[in-house]
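The values are calculated or read from the model by the stated rules, or taken from the named source; none is laboratory data. Since the structure is predicted, the reported quantities are computational estimates derived from the model, not experimental observations. All Cβ positions, even for glycine, are placed from backbone atoms using ideal geometry, and neighbour counts span all protein chains on display. Areas reflect the complete protein model, heavy atoms only, side chains present, ligands, DNA and RNA absent. Shrake-Rupley method; radii C 1.70, N 1.55, O 1.52, S 1.80 Å.
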Amino acid sequence: MKTVRQSVQMLDFSRQFSTIEEEVMAAIEEVCRSQKFILGPQVTSFEAAASASCGAFFGIGCASGTDALWLAMAGAGVGSGDAVVTSPFSFFATASAILRCGARPIFADIDGLTFNLSSAAVTEAIEQAQLDSTATVKAVLPVHLYGQCAEWAGFTQVRERFGVALVEDAAQAFGAKWNNTPAGSLGDAAAFSFYPTKNLSAFGDAGLVTTSNAAIEDRAKLLRAHGMRQRYVHEEVGWNSRLDSIQAAVLEVKLRYVPAWSKARRDRAAAYNEMFLQAGLVADSAMDGVVLPFSDARAEHVFHQYVVRVPRRDALRAYLTEQKIGTEVYYPIPLHLQSSLAFLGYKAGDFPVAEKAAAEVLALPIYPELREDEQQAVVDAIAEFWKSGNAQAREASSY
Ligand SMILES: Cc1ncc(COP(=O)(O)O)c(C=O)c1O
């Protein structure tokens, strides 16, 4: 008999909204009454509060995380003819923002445990670029993927050795820390996304650059408003990437909840780990199974995503979809194999760790309001798939 199981959504926004509805609606009403919609007092106030919570002196609100990456890198001096080394295992904006600066992305492979850019691979890539002398590597852009900071000790050494700027793609990592230093104040500048699925999320698109460098702040602010310091005097060609006051007002309310939400995410990750162990599903040297997410002891992971590695990933995902259990794959095609980036000249096999990860990762539902019974339903469904898969494998081998 087929088990009838409850469905589990990948993310249910409405649960969070119901807990903060009154506060958020009051903040939005205040903006409506003030009629100051663009870069109003709420933007200034959110920029100050958010940057302070990241340990940075300055915050520059902007239209999206993609724009924040562009502004952070351009602010740090990345421009035409430069190169920026980054991860091939990230969202597309990580690479496209480098191109938006007029620079060229150079990819380096990731670490197989954390899925984050490897500082050793970055070192090799910079040495190679120096030998080729095709472009000056101006910056390195590590991504704090899934909410876990990249291994910053290694990147600090890269910065010292090669004199490059470090820009954090912290889009997925608001509230995360490395050795007690918050994401957003590890590098020369950082970019955050407040896309609605993020740990700190707006009611639309929004982003933030953080930095403690006054020159970077000045340039990023200038570029987000058409290079205009004095009205209708354009010092350089920027763009319109202003943050609007409604988004800032929503974000400032939610900012206060981030520590509690991060803890709730960590608790849910620990609960999944325990459930997988109890179910005997965790891979070890003797058995194929679920490889649980690796948390570096130096990092305070905020589990933007809870990502396992599994063999037969696509078959498992199809089964879970059938069982009405939401999952996602972040990201199925590494950036160096995206057709729009073919002109960079990379090919399959160039970054084997990233390519393997792209074939095996599976993100399971995780958010602060996710219930324990829902998590158990996810684990039970995976256990069921495994049992039937093992039975099929036994049958196949007995022919
Ligand atoms: C790693 C990473 N970088 C950049 C971005 C771009 O952010 P946004 O969607 O706000 O432009 C995202 C979010 O989608 C992301 O996950």
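Identify the residue in the range 24-62 that is part of a loop (DSSP other than H, G, I, E, B) and open to solvent by less than 30 Å² (accessible area, probe 1.4 Å) and, among all such residues, is modelled with the lowest pLDDT.
GLY40
Table: residues versus (1) in contact with a His (Cβ under 9 Å, 6 or more places away or on another chain); (2) modelled with pLDDT of 95 or more; (3) not assigned by TED's automatic domain parsing to the domain that holds ALA26.
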residue	(1), (2), (3)
ARG219	no, yes, no
LEU222	no, yes, no
GLU235	no, yes, no
GLY238	yes, yes, no
ALA264	no, yes, yes
PHE276	no, yes, yes
SER285	no, no, yes
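Going residue by residue through the range 252-264, is there one that turns out to be in contact (Cβ under 8 Å) with a residue 40 or more places away in the chain and within 16 Å of the ligand (Cβ to nearest atom)?
There is at least one residue in the range 252-264 that is in contact (Cβ under 8 Å) with a residue 40 or more places away in the chain and within 16 Å of the ligand (Cβ to nearest atom).
Look at LEU186 and say whether it is without any contact (Cβ under 8 Å) to a residue 60 or more places away in the chain, assigned to a strand (DSSP E or B) and more than 21 Å from ASP350 (Cβ to Cβ).
When the stated conditions are applied, LEU186 does not pass them.
If I ask for residues that are within 16 Å of ALA50 (Cβ to Cβ) and open to solvent by 60 Å² or more (accessible area, probe 1.4 Å), which ones from the range 243-265 would you list?
ARG256, TYR257, PRO259 - these are the residues of the range 243-265 that are within 16 Å of ALA50 (Cβ to Cβ) and open to solvent by 60 Å² or more (accessible area, probe 1.4 Å).
Residues checked against (1) touching a residue at least 12 places away in the same chain (Cβ under 8 Å); (2) among the acidic types (Asp, Glu); (3) open to solvent by 10 Å² or more (accessible area, probe 1.4 Å); (4) within 16 Å of the ligand (Cβ to nearest atom):
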{"position": "ASN199", "(1), (2), (3), (4)": "yes, no, yes, yes"}
{"position": "PHE203", "(1), (2), (3), (4)": "yes, no, yes, yes"}
{"position": "LEU208", "(1), (2), (3), (4)": "yes, no, no, yes"}
{"position": "ARG219", "(1), (2), (3), (4)": "yes, no, yes, no"}
{"position": "GLY227", "(1), (2), (3), (4)": "no, no, no, no"}
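Among PHE294, PHE303, which is open to solvent by 20 Å² or more (accessible area, probe 1.4 Å), modelled with pLDDT of 95 or more and not in a strand (DSSP E or B)?
PHE294
What's the number of the only condition in (1) among the small types (Gly, Ala, Ser); (2) buried (at least 20 other Cβ atoms within 10 Å of the Cβ); (3) within 16 Å of the ligand (Cβ to nearest atom) that SER96 fails to meet?
Against the list (1) among the small types (Gly, Ala, Ser); (2) buried (at least 20 other Cβ atoms within 10 Å of the Cβ); (3) within 16 Å of the ligand (Cβ to nearest atom), SER96 comes up short only on (2).
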